[in-house]
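Visitor: My questions all concern the structure below.
The values are calculated or read from the model by the stated rules, or taken from the named source; none is laboratory data. Computed from a predicted model, the values in this text were never measured in an experiment. Here the Cβ positions follow ideal geometry from the backbone for every residue, glycine too, while neighbour counts run over all protein chains shown.
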Amino acid sequence: MTSNAERAATLELALRASIDPGERALADVYTDDVRAWTPALSTSSRAELIEAYVRRDDVFSDIDLEVVPLDVGGDYACAEWTVTMTHSGPLPVSAGLVVEPTGLRVVLYGVTTAEFRDGRICSFRQYWDELSIFEQLGLVER
């Protein structure tokens, strides 16, 4: 079993790799059969995860990530994170509806929980308020 510090570091690497999805970095932190769920995607393999990360790569740029490990123990780790980014590419919202780049800086707060197997993440879930992005882009009012 890996140490708490190693799992926390691996989770942070995984979060950073989701922003800059190099295939080698993703192979280092995720198992081949990683299961992922977020408000924006659901995957059941590292190949699907890589495809999803690459597909959304041009929507936001100038991305800053802050990560704070909250709880790490056993085969699990949890981290709270903040992403600040610029809306710089077309954002597909639904079939046929695309929000053109606004140039606005938006902030997203979230939490990731991850399960580990042999030192790599085999399952993770991320939670955030997806509507907050639409609010910050001026698309909806709360």
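Visitor: Tally up the residues in segment 114-136 that are more than 23 Å from residue 72 (Cα to Cα) and surrounded by 15 or more Cβ atoms within 10 Å (Cβ to Cβ), please.
Guide: Residues meeting the conditions: 4.
Visitor: Related question: For residue 127, indicate whether it is in contact (Cβ under 8 Å) with a residue 12 or more places away in the chain, under 30 Å from residue 3 (Cβ atoms) and part of a strand (DSSP E or B).
Guide: Numbers: in contact (Cβ under 8 Å) with a residue 12 or more places away in the chain: yes; under 30 Å from residue 3 (Cβ atoms): yes; part of a strand (DSSP E or B): yes.
Against the criterion (in contact (Cβ under 8 Å) with a residue 12 or more places away in the chain, under 30 Å from residue 3 (Cβ atoms) and part of a strand (DSSP E or B)), residue 127 qualifies.
Visitor: Considering only segment 90-137, state which residues are among the hydrophobic types (A, V, I, L, M, F, W, C) and farther than 24 Å from residue 10 by Cα. Walk me through it before giving the result.
Guide: Keep residues of segment 90-137 that are among the hydrophobic types (A, V, I, L, M, F, W, C), which gives 91, 93, 95, 97-99, 104, 106-108, 111, 114, 116, 121-122, 124, 128, 131, 133-134, 137.
Passing the criteria: 91, 93, 95, 97, 98, 99, 104, 106, 131, 133, 134, 137.
Visitor: Just for segment 17-29: of the residues that are part of a helix (DSSP H, G or I) and crowded, with 16+ Cβ neighbours inside 10 Å, which one is modelled with the lowest pLDDT?
Guide: My answer is 26.
Visitor: Still on this model: For residue 9, work out the one condition from (1) closer than 29 Å to residue 100 by Cα; (2) surrounded by 14 or more Cβ atoms within 10 Å (Cβ to Cβ); (3) without any contact (Cβ under 8 Å) to a residue 12 or more places away in the chain it doesn't fulfil.
Guide: Single failed check for residue 9: (1).
Visitor: Across segment 42-69, which residue is farthest from residue 82 (Cα to Cα) among those that are out of contact with any Asp or Glu (no Cβ under 7 Å at 6 or more places or on another chain) and of a type in the set (Val, Ile, Thr)?
Guide: 43
Visitor: While we're on this one: Go through segment 30-113 and tell me which strands (runs of 3 or more DSSP E), entirely inside it, have 2 or more residues that are exposed (fewer than 15 other Cβ atoms within 10 Å of the Cβ) and of a type outside the set (A, V, I, L, M).
Guide: So the answer is 30-38, 60-73, 76-87, 91-94.
Visitor: Okay, next question. For residue 18, state whether it is of a type in the set (S, T, N, Q) and under 21 Å from residue 129 (Cβ atoms).
Guide: Details: of a type in the set (S, T, N, Q): yes; under 21 Å from residue 129 (Cβ atoms): yes.
It is true that residue 18 is of a type in the set (S, T, N, Q) and under 21 Å from residue 129 (Cβ atoms).
Visitor: Which of (1) within 19 Å of residue 16 (Cα to Cα); (2) among the acidic types (Asp, Glu); (3) in contact with a Phe, Trp or Tyr (Cβ under 7 Å, 6 or more places away or on another chain); (4) modelled with pLDDT under 95 does residue 75 not meet, given it meets every other one?
Guide: Here residue 75 clears every test but (1).
Visitor: In segment 79-90, what residues are without any contact (Cβ under 8 Å) to a residue 40 or more places away in the chain and of a type in the set (A, V, I, L, M, F, W, C)?
Guide: First, the residues of segment 79-90 that are without any contact (Cβ under 8 Å) to a residue 40 or more places away in the chain: 80, 82, 84-86, 88-90.
Hit for segment 79-90 is 85, nothing else.
Visitor: Also, I was wondering about something else. Only one of (1) surrounded by fewer than 12 Cβ atoms within 10 Å (Cβ to Cβ); (2) at pLDDT 95 or above; (3) charged (D, E, K, R) fails for residue 141. Which number is that?
Guide: All conditions are met except number (2).
Visitor: Given (1) closer than 19 Å to residue 7 by Cα; (2) modelled with pLDDT of 90 or more; (3) over 15 Å from the mean Cα position of the chain (by Cα), where does residue 111 come up short, assuming only one miss?
Guide: (3)
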